[in-house]
1. Can you name the number of the only condition in (1) modelled with pLDDT under 90; (2) at negative phi that GLY212 fails?
2. If I ask for residues that are touching a Lys or Arg at 6+ places or on another chain (Cβ under 9 Å), of a type in the set (Gly, Ala, Ser) and surrounded by fewer than 16 Cβ atoms within 10 Å (Cβ to Cβ), which ones from region 275-323 would you list?
3. Being in the same structural domain as GLU51 (by TED's automatic domain parsing) and part of a helix (DSSP H, G or I) is the requirement here; does ALA127 meet it?
4. Would you confirm, using the coordinates I've provided, whether GLU178 is among the charged types (D, E, K, R) and touching a Phe, Trp or Tyr at 6+ places or on another chain (Cβ under 7 Å)?
5. What number of residues in region 35-61 are closer than 23 Å to ALA207 by Cα and out of contact with any helix residue (DSSP H, G or I) (no Cβ under 6 Å at 6 or more places or on another chain)?
6. How many residues are over 32 Å from the mean Cα position of the chain (by Cα) and among the hydrophobic types (A, V, I, L, M, F, W, C) if we restrict to region 85-114?
7. Based on what the data block shows, is ALA386 loosely packed, with under 12 Cβ neighbours inside 10 Å, modelled with pLDDT under 70 and either among the small types (Gly, Ala, Ser) or assigned to a loop (DSSP other than H, G, I, E, B) (or both)?
8. All but one of (1) loosely packed, with under 15 Cβ neighbours inside 10 Å; (2) under 24 Å from ASP308 (Cβ atoms) hold for THR330; state the number of the condition that does not hold.
Amino acid sequence: MDLFEEDSESSVQDEYENRPLATRMRPASLGEFIGQEHLVGEGKMLRRMIESGVIGSLIFYGPPSSGKTTLANVISKEIDARFEVINAVLDGIKELRNVVSKAEHQKKANGKKTILFVDEIHRWNKAQQDALLPHLESGIITLVGATTENPFYSLVNPLLSRCQLFELFPLTKDDVSEMIDRALSDEKRGLGYMSISVSDDAKDYFAEYAGGDVRNALNALEVAVLSTVKDKDGVVNIDLDIAKESIQKRNVRYDRTGDEHYHYVSAFIKSMRGSDVDAALYWMSAMLQSGEDPNFIFRRLLIFASEDVGMADPYALTVVNAAHESFQKTGMPEGFYFLSHAAIFLALSAKSNSTKAIFETNSLIEKKGVQDVPPHLRDKTANKLAARYMDVENSSDDYLYPHDFPNNWVDQQYLPDKLKGRSFYRAGSSGREPKMWGRLQKIKSRND
């Protein structure tokens, strides 16, 4: 027996009490778990699996702070299994082998299962992911992998085929509010041992600005409580002003390398394409407030200027380029003006996607190769040399120089013989493009 067992238990308790409120309040059972009702609500599949104790390997896919780690820990406690954690950013196959070795020992010693939680499993390369497979097949470990990225893109197929995939959604404001109430009332793990009064608007502010992140809300609540002096009755009063001081910046669910990044960009582009200025500014602001690189946004604006505005207003490229150059000269916060200028201009511009004609020509060339250049379009100098040495006529002499004709246009074949009359470009009907196209058609009709 350890002679210092009592002191050891005391130190463990002290360490627990010194942990942040968010850590102390982490759910320890399925009954305490908040959110994800579509997975763990009464009668739902994952809940039935947990209650039956029959758990296979799982992949949890969802945004940060949606409860992936917490749910994995709850599962291990509910089925009385050992819980091992590996962080895919820091750990690799060596750590995996150590976990497997301990799992084998435990299984032989007492038959206890081991749940291995691999956080950010998408960070492991193919070889590292493949290293999991034999241990999942043997049943030595049960995997719970967590990823913020689409698993169908980031995980290897053999691993996906051995796991059940569950998608977690961001926690709602009501979920966060419930955890705040629980922390205020829990006398053992929370702040219930203190006399605290939190106004409704202060609690609402904590829940709203946490952006679905319970940890963020509870950390702010703890800061507010511990930094506020008690009144004469021994009560800690938390009002809206104190709440605002404790959580000054709204948490935005955004990962510059994850799915939210692509969702926000997609919403931004589609809003401009739909000529919705307000929505375009909203999604651009969401990206910027989340730490997105403004230069990335300008790259997307440049692409949009040609892809979606295109020939309807060729000036769009000039506007975006000028805005980007101005941004690079000034930086933030004045740079917001140039981002806004470019986004508003593109959203309000007439739209045409006729520039996509290039992809049709690319596709045709990929399938059938490049046809011969018509003789009259060939280089005149090269043809002159060939004519001299091969005693043939210079076919380039048949070329008609458009500037020698009225309106600088002459009816002449430019496509290869096999593609004569083929059309790739389809003029748009908005902005300057129909005028430019109409001018050409009018010139052609005069020469018919």
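The values are calculated or read from the model by the stated rules, or taken from the named source; none is laboratory data. Since we're looking at a predicted model, the values are computed, not measured. For neighbour counting, all protein chains shown are included, and Cβ atoms are generated from backbone atoms with ideal geometry for every residue, glycine included.
1. Every condition holds for GLY212 apart from (2).
2. Across region 275-323, the qualifying residues are SER275, GLY291.
3. The answer is yes for ALA127.
4. Judged against the criteria, GLU178 is not a match.
5. 4
6. So the answer is 3.
7. Spelling it out, it is not the case that ALA386 is loosely packed, with under 12 Cβ neighbours inside 10 Å, modelled with pLDDT under 70 and either among the small types (Gly, Ala, Ser) or assigned to a loop (DSSP other than H, G, I, E, B) (or both).
8. The failed condition is (2).
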